[in-house]
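The next block holds one structure in the form of structure tokens; read it before the comments.
The values are calculated or read from the model by the stated rules, or taken from the named source; none is laboratory data. Since this is a predicted model, take the numbers as computed values, not measurements. Note that each Cβ is placed from the backbone with ideal geometry, even for glycine, and that neighbours are counted across all protein chains shown.
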Amino acid sequence: MSEVILVDKNDKEVGIGEKIKTHQEGKLHRAFSIFVFNSNGELLLQKRAKSKYHCGGMWSNTCCSHPRPGESVEKAVHRRLKEEMGFDCELKEIFSFTYKVKFDDNFFEHEYDHVFIGNFDGKPNPNPEEVGEWKWISIEELKKDIRKNPDSYTYWLKKSIDKVVSHLN
């Protein structure tokens with residue numbers, strides 16, 4: 001059973017919740033999103049494995065997940081980047097935001113999301129249980145495709161990409 005950290009609107013821990021139940025009930029919980037760029041300024045995207053409990057088969061940022069109870073966000077980002085994408089790199093938190101969205105399958109994402117950026121020029125070795133495909137993409141090409149195919153991308157990627165890009169410049 002996987003657990004997440006329940007938080008209030010200020011990211012103060014208020015309890016622990018079972019992950020699936022928390023997403024069904026739409027409770028606010030701590031999460032993180034990682035955006036890794038290469039030296040050409042391209043973003044590493046992953047297509048979530050079709051078997052994921054929500055948003056399977058959708059393109060998203062490099063990695064996103066939840067810290068475990070008792071685990072710092074700083075430790076969790078490195079653990080999950082290795083588990084999902086098969087590499088690690090230096091990561092820096094650039095901002096956080098809260099959002100709530102309901103998906104067609106009666107799941108919610110209601111997250112206090114810590115956003116990190118990093119740089120990596122190697123080749124990822126993704127876990128096929130987490131990641132269906134991956135690619136490097138320019139920000140210009142990504143934004144153009146999001147406008148053209150918005151349903152192919154996760155909500156949190158679309159919600160945060162402009163602010164991530166503003167931190168790069």
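Assorted remarks:
- The condition (being closer than 16 Å to D113 by Cα, among the β-branched types (V, I, T) and surrounded by 13 or more Cβ atoms within 10 Å (Cβ to Cβ)) is satisfied by just one residue among I16, I5, I20: I5.
- Residue satisfying condition, being under 19 Å from G57 (Cα atoms), touching an Asp or Glu at 6+ places or on another chain (Cβ under 9 Å) and free of Cβ contacts under 8 Å to residues at least 40 places away in the same chain, within set K102, K143: K143
- Conditions (1) more than 12 Å from the chain's Cα centre (by Cα); (2) closer than 26 Å to I20 by Cα: number failed by N61: (1)
- Matching residues in the range 97-131 - criterion: being more than 27 Å from G41 (Cα to Cα) and of a type in the set (A, V, I, L, M): V101
- Pairs with Cβ under 6 Å, 6+ apart, first in the range 2-15 and within 10 Å of R30 (Cβ to Cβ), second among the hydroxyl-bearing types (S, T, Y): V4/T22; V7/Y112; D11/Y112
- For first residues located in the range 23-51 and at pLDDT below 95, partners that are assigned to a loop (DSSP other than H, G, I, E, B) and among the polar types (S, T, N, Q) and lie 6+ apart or on another chain with Cβ distances below 8 Å form the pairs Q24/N106; R48/T154.
- Meets criteria (in contact with an Asp or Glu (Cβ under 8 Å, 6 or more places away or on another chain), of a type in the set (S, T, N, Q) and at negative phi) for Q24: no
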